[in-house]
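This report refers to the structure that appears directly beneath it.
The values are calculated or read from the model by the stated rules, or taken from the named source; none is laboratory data. Bear in mind the structure is a predicted one, so any value in this text is a computation, not a measurement. Backbone-built Cβ (ideal geometry, glycine too); neighbour counts: all protein chains shown.
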Amino acid sequence: MTAARAFSDVMASRLASIRSEGRYRVFTPLQRRCGSFPQAAMFRADIDAHDVTVWCSNDYLALGQDRRLLDAMHASLEESGAGCGGTRNISGTHRDHVRLEEDLADYHGKEKALLFSSGYVANLTALATLGAHIEGLIVYSDEKNHNSIIEGLRLARADKRVFRHNDVQDLARLLKSDDRARPKLIVFESVYSMDGDIAPLKDIVKVAQEHDAMTYLDEVHAVGLYGPQGAGVAVREGVASSIDLIQGTLAKAFGTFGGYVAGDGETIDFLRSFGNGFIFTTALPPVLIAGARAAVKIVRDAEDLRVQQQNNVRLLKQRLRAKAIPFIDSASHIVPVIIGEASLCRKVSDALLEDYGLYMQPINYPTVARGSERLRLTPSPLHDEGPIETLVAAFEELWTRFHLHQS
């Protein structure tokens, strides 16, 4: 057997496996229409093109089409052009990179912040860098942490302990079992993206302080949405000053693109100086930075949007509950509707798209556990009563069509 044939056989077998399980990912090309969110045009080869209502966007506050943000981006594009022309350490540091980092540090009450090309890269780089350079480090990671955290810790080469999800007692048990003299880092999220549950931040911080451990908090699904000025769950719970490093994204509630880590000046300088995922990649274009700066300013004064979003979340949950549609009733804006089987989840998703013009992607293993396949709904301030009634009526009809009430 040739090497090429061996590669082909492996790939064909793996692809056939996920197809047979109903887990093969089918991408649905969308064209977002500026000023019409959450409406979009859908283009998929197996389904006639038509307009759809998007129910699974991470543009949580619908800022991706906000005129103030777009105006800032247009001005930057005319002033600075398209790209940066290099990495941050060669020629790619634009003055607005520095300004945005100052904005984000101030937003989280930290000394400094560092921009990355995405939230994923921020986690991957920060955790890999700390683990590779802090001798004897032990990292304690929540079992439901995002893949970016898992991969960052895999590259870190540090000892790792995984504690049961949001289980502070299990975390404390693991901390007690290790040498107190070794450096320790606890890594967790505030809002978990698939179940929508929120970590017990106060309790985790207390345990961290008792064991002299640093804390690293992923707030990507919380920044812009919770706490004073939308600065996150840590601020809402009054523990932001006790969290050593806060990681966030500009690609969700801020409606643009990029990621960041905020913390004390020395640690941020360390990541800037030794983080390969920062050093060796081209800097974010000024046009995106301009949009992000405008978005941060908007979000800090957007309590009306946060209130409207939470009102829509509550209304959606009420309507789902009234129709006995099973969902995880979390404390966040994320509403997972449980289907429980991969191929059936795909069928329901396709029916919603083709028959009702409602777009939400199926969430399958390995993103969630087998048997917990779901549709993940993320109401925005614009998903108000009309779209909610349309969605719930479609669910009710499909639950009957696919006999889901009997499963």
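Computed quantities for the displayed model
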| item | result |
| --- | --- |
| Meets criteria (surrounded by fewer than 19 Cβ atoms within 10 Å (Cβ to Cβ) and acidic (Asp, Glu)) for GLU373 | no |
| Answer residue from segment 327-370, given it is among the acidic types (Asp, Glu) and within 21 Å of ALA49 (Cβ to Cβ) and is surrounded by the fewest Cβ atoms within 10 Å (Cβ to Cβ) among those | ASP355 |
| Test: residue in segment 323-346 that is part of a helix (DSSP H, G or I) and touching a helix residue (DSSP H, G or I) at 6+ places or on another chain (Cβ under 7 Å) | no |
| Flag if PHE278 is surrounded by 23 or more Cβ atoms within 10 Å (Cβ to Cβ) and in contact (Cβ under 8 Å) with a residue 12 or more places away in the chain | yes |
| Cβ-Cβ under 7 Å pairs, at least 6 apart or on other chains, segment 153-177 side among the basic types (Lys, Arg), far side surrounded by 17 or more Cβ atoms within 10 Å (Cβ to Cβ) | ARG157/GLY131; LYS160/VAL139; LYS160/SER141; LYS160/LEU153; ARG161/ILE138; ARG161/TYR140; ARG161/LEU174; ARG164/ASP170 |
| Criterion (in contact with a strand residue (DSSP E or B) (Cβ under 6 Å, 6 or more places away or on another chain), surrounded by 15 or more Cβ atoms within 10 Å (Cβ to Cβ) and not assigned by TED's automatic domain parsing to the domain that holds PRO200) met by exactly one of ALA113, ALA49, ALA40 | ALA40 |
| Residue check for ALA181: of a type in the set (Gly, Ala, Ser) and in a loop (DSSP other than H, G, I, E, B) | yes |
| Verdict on ALA62 being surrounded by 21 or more Cβ atoms within 10 Å (Cβ to Cβ) and within 16 Å of the chain's Cα centre (by Cα) | no |
| Tally of residues being out of contact with any Asp or Glu (no Cβ under 6 Å at 6 or more places or on another chain) and part of a strand (DSSP E or B) across segment 228-262 | 6 |
| Of all residues making up segment 266-312, the number that are touching a Ser or Thr at 6+ places or on another chain (Cβ under 8 Å) and under 30 Å from ILE338 (Cα atoms) | 2 |
| Verdict on GLY196 being assigned to a loop (DSSP other than H, G, I, E, B), in contact (Cβ under 8 Å) with a residue 24 or more places away in the chain and in contact with an Asp or Glu (Cβ under 6 Å, 6 or more places away or on another chain) | no |
| Among the candidates ALA324, ALA290, residue that is farther than 18 Å from ASN58 by Cα, surrounded by fewer than 19 Cβ atoms within 10 Å (Cβ to Cβ) and aliphatic (A, V, I, L, M) | ALA324 |
| Condition broken by GLY85, with the remaining ones in (1) touching a strand residue (DSSP E or B) at 6+ places or on another chain (Cβ under 7 Å); (2) modelled with pLDDT under 95; (3) more than 16 Å from GLY258 (Cα to Cα); (4) not basic (Lys, Arg) satisfied | (1) |
